[in-house]
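The values are calculated or read from the model by the stated rules, or taken from the named source; none is laboratory data. For clarity, every value in this text was computed on a predicted model and none was experimentally measured. Cβ coordinates were reconstructed from backbone atoms using ideal geometry, including for glycine residues, and neighbour counts include every protein chain displayed. SASA here: full protein model, heavy atoms, side chains in, ligands and nucleic acids out. Shrake-Rupley method; radii C 1.70, N 1.55, O 1.52, S 1.80 Å.
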Amino acid sequence: MNQTQMMASYKSTFETEPTHLFFAPGRINLIGEHTDYNGGHVFPAAITFGTYVLMRLRDDDLVRFYSANFSEAGVIERRLDDLAFRPEDDWTNYPKAMLHLLNERTGRIDRGLDLWFFGNIPNGAGLSSSASIELATAFGLNTIYGLGLNPLDLVKLGQRAENEYIGVNSGIMDQFAIGMGKRGHAMLLDCDTLDCEYAPVDLDGVSIVIMNTNKRRELADSKYNERRSECETALARLQTTLSIQSLGELTPETFEAAASVIEDDVLVMRARHAVYENARTLEALVALKENRLADFGQLMNDSHVSLRDEYEVTGIELDTLVEAAWANGAIGARMTGAGFGGCAIALVRDADIESFQQAVRDKYTREVGYAPTFYVASIGAGAHELQLETKEEV
């Protein structure tokens, strides 16, 4: 859908013209999986898929929501004094959360508005469509009401929307990557301190291929909580001899020297992944700064092996995808996200993308029984306003 089509849909839906257009991307995490809650680093990047929102202020207190992705739901209407979470409001709870929190923060949302959404993030791909909706809305509301908040304020409110309003106990990585993303750069982020260092990702002649297993992630939440608990137990045992607050404080060497105190092989594996994965993430920053893409790809491969063997969160679908990618010319490939389904990512030379996808699709379909889906992504900018006269394809 291009901007002309979006504008036409807005006009037919609300019988008026929009005054502003905003975009917030989705995100991928290049490396650094299951490190955030262990006091380590993550290495996300904004992508060029995302969420568009057209807006116009009203002269009353009515807020009207419409999504071209859920057109069957029609226009959903709420008053400014009626923005509480409702399960039946489905996707609109995300923009409602931002309206509620921004008004609570500033007290300056005193007029309603008409909001029209369109997203081209693939459904179920684990690319953080909810945070994309939150940040597109937040950046738009900040501008249209003249609230004067900085991007980091909006990022933090996006996380609060998930935690307090939606009720999902997620970290800040998704909102941070989406709100603070920089075109052509990944970011090394400490999720505890929010210290962030940008690294150029020079992918000249190479693309990021997102490979969706198309498997529902039924186990992800329960196993996530289990892994988190296992790491907390391992940390507590290490703290009997080491003065540390998190696994992320350990180097591989200091971990190996103290690992015997954990006295449980499974817990040692879980903690080892967290420690070594954090080290790989720090190495990845240096590799990209020095434009050593092959070394970065090897770190991706090592990350997947650790997630498969030490953390045990992959499964046959993700392993089949990644191993097929390794066998068919990927510079590097790994699962991304919580695991047990969702997506893997691969760095693939542009000239090989078509043959790569066909070979991986054939192997996956043969071994798993149904086909994966592929998306070629670029690293894009964080949330921002677009000029309405732009005619770019989206």
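Structure data summary
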item: Sulfur and carbon atoms: percent of accessible area, the range 49-136 [1.4 Å]; result: 41 percent
item: Environment charge of Tyr66, counting only residues whose C-beta is closer than 15 Å and scoring Lys/Arg +1, Asp/Glu -1; result: -1
item: Entries of Lys289/Lys363; Lys11/Lys96; Lys156/Lys363 with Cα pairs more than 31 Å apart; result: Lys289/Lys363; Lys156/Lys363
item: Cα-based helix-to-principal-axis angle, 316-327 vs the chain, degrees rounded to 10; result: 80 degrees
item: Sulfur and carbon atoms: percent of accessible area, the range 220-280 [1.4 Å]; result: 48 percent
item: Spatially proximal aspartates and glutamates relative to Lys182 (Cα-Cα < 12 Å; intrachain offsets below 8 disregarded); result: Glu197
item: Residue among Phe255, Ala271, Ala84 farthest towards the positive dipole end of the chain, charges placed on Cβ; result: Ala84
item: Calculated FRET value between Thr48 and Arg108, using beta carbons and R₀ = 30 Å, to 0.05; result: 0.40
item: Separation of alpha-carbon centers, the range 42-67 and the range 143-197, rounded to whole Å; result: 15 Å
item: Added length on full extension, which subtracts the Cα-Cα distance from 0.36 nm per residue, Ser12 to Asp82; result: 22.6 nm
item: Selected from Asp59, Asp352, Asp114 as most flexible by GNM, with the chain as the system and alpha-carbon contacts under 10 Å; result: Asp59
item: Inter-site label distance for Lys289 and Ser229 at 7 Å from Cα along Cβ, in nm; result: 4.0 nm
item: Total formal charge among the other residues, if their Cβ is under 11 angstrom from that of Val275, Lys/Arg +1 and Asp/Glu -1; result: -2
item: Segment Asn120-Val75, length gained on full extension (0.36 nm per residue, minus Cα span); result: 14.2 nm
item: Extension gain (nm, one decimal) between Glu354 and Met1, 0.36 nm per residue minus Cα-Cα; result: 124.7 nm
item: Proximal aspartates and glutamates to Lys223, defined as alpha-carbon separation beneath 13 angstrom and excluding residues fewer than eight positions away on the same chain; result: Glu312
item: Pairwise label distance in nanometres, Thr373 with Thr254, each label 7 Å out on the Cα-Cβ vector; result: 4.4 nm
item: Environment charge at Ile47 (Cβ cut-off 14 Å; Lys +1, Arg +1, Asp -1, Glu -1); result: +2
item: Rounded Å value of the spacing that divides the Cα centres of the range 228-270 and the range 281-347; result: 24 Å
item: Where GluC sites (Glu not before Pro) fall in DSSP loop in the range 264-307, at most 12 other Cβ within 10 Å; result: Glu290
item: Positive-end residue of Val368, Leu299, Thr106, charge dipole of the chain with Cβ unit charges; result: Thr106
item: Pairwise label distance in nanometres, Val305 with Leu194, each label 7 Å out on the Cα-Cβ vector; result: 3.8 nm
item: Calculated FRET efficiency for the pair Leu62/Ser222, C-beta based, R₀ 51 Å, to 0.05; result: 0.80
item: Label corresponding to semi-axes √(5λ) of the Cα gyration tensor in Å when calculated from the structure given, among [x] 32, 27, 25; [y] 47, 25, 19; [z] 37, 25, 19; result: [z]
item: The range 310-367 - percent of accessible surface contributed by carbon and sulfur, probe 1.4 Å; result: 45 percent
item: Accessible area of the chain divided out per residue, in Å², using a probe of 1.4 angstrom; result: 41 Å²
item: Degrees separating the helix 129-144 axis from the principal Cα axis of the chain, which is the longest one; result: 40 degrees
item: 222 nm mean residue ellipticity, helices alone, for the chain (DSSP H n ≥ 4; -39,500 (n - 2.57); rounded to 500); result: -13000 deg cm²/dmol
